[in-house]
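The values are calculated or read from the model by the stated rules, or taken from the named source; none is laboratory data. Since we're looking at a predicted model, the values are computed, not measured. Cβ sites come from the backbone with ideal geometry, for glycine too, and all protein chains shown count toward neighbours.
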Amino acid sequence: MFSTPYGRALYERCPVTQMLSADALVVDYNTPLEEVSQQLIDEDAHYLKQHYIVTRNERYVGLGSTRALLQKITAKKIETARYANPLTLLPGNVPIQQALEARNAQALPFTMIYFDINVFKPLNDQLGYRVGDQIILLLADLLMKSFHDEDDFVGHIGGDDFVVISRSTVALERTNTVQAQFVGQTRHFYTDDILRKGFIESEDRTGRVNRFPLVSLAAGVIEAGSENELTPEQFAEAASSAKKQAKVSAGFCYVCSASTPTPTSSSQSISC
């Protein structure tokens, strides 16, 4: 204000409160960028603020630039879209690998769950790929609603394979819940005749017509402690192995530890 013509003469005796912006946006240092962006958009002001105030422990630490914020979010969304699964729009293989590396590097306990739909191909063959896509979208929705903590990660490897990375202490219980919900909510895709019989008839991989049970959900669970020694590649391999074990385990759930480079040697089957 002082740099304007006659500014000093006009304003030097005015209280500083006369110049303060009454609608300044103040955010904590740890507020996620997406949340800051939403707050800026939700403001009733007729203009988009150029800056916002950043605090830590309620003390001023600096100004954030709205332009820089939008650039950062745009770049993040482009990166996410590049590797997203086209059906579910969930992160694909590259973000899954990055999420696993980040959590591994933090040396904190976490759980990785590899989900796979049992006997999915016979369902696709019998009811069509449109129904198959709807079931995949249903599973994606169940996972997003069940694993919704701030640090939870839900990814879609492809087809009917999904991965969840969570630090929740009740990750196994949530896995159990998703499995039960999936079975309950997929039954309405079948005809009454199929539900009465409890199976579908379809060709197996040898071309012979066979009976297959209705779809269910397998979950291979890897629990990593703070002293996990596995590389991300070894961890992914262990999760894939756990998923295969889950498909033949009681309750279609298999849990093992990732505290050593060879977790499968000390794995144990747990009925969920």
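Restricting I96, I117, I113 to those that are within 30 Å of N210 (Cα to Cα), of a type in the set (V, I, T) and assigned by TED's automatic domain parsing to the domain that holds G225 reduces the list to I117.
Table: residues versus (1) free of Cβ contacts under 8 Å to residues at least 60 places away in the same chain; (2) over 29 Å from R167 (Cβ atoms).
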site	(1), (2)
E34	yes, no
L63	yes, yes
K72	yes, no
N93	no, no
I96	no, no
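Checking V94, V131 one by one, the residue that is within 30 Å of G207 (Cβ to Cβ), surrounded by fewer than 18 Cβ atoms within 10 Å (Cβ to Cβ) and aliphatic (A, V, I, L, M) is V131 and no other.
Cβ-Cβ contacts under 7 Å between residues 6 or more apart (or on different chains), taken from a first residue in the stretch 175-189 that is outside the structural domain of A246 (by TED's automatic domain parsing) and under 13 Å from Y114 (Cα atoms) to a second residue that is in a helix (DSSP H, G or I) and at pLDDT 95 or above, are absent.
Among the numbered conditions (1) touching a residue at least 24 places away in the same chain (Cβ under 8 Å); (2) surrounded by fewer than 19 Cβ atoms within 10 Å (Cβ to Cβ); (3) over 19 Å from the mean Cα position of the chain (by Cα), the only one that R205 does not meet is (1). Consider the stretch 60-91 and keep the residues that are polar (S, T, N, Q) and within 26 Å of Q39 (Cβ to Cβ). The one that is surrounded by the most Cβ atoms within 10 Å (Cβ to Cβ) is T66. Restricted to the stretch 1-100, the set of helices (runs of 4 or more DSSP H) holding at least 1 residues that are touching a strand residue (DSSP E or B) at 6+ places or on another chain (Cβ under 9 Å) and within 30 Å of G159 (Cβ to Cβ) comprises 66-82.
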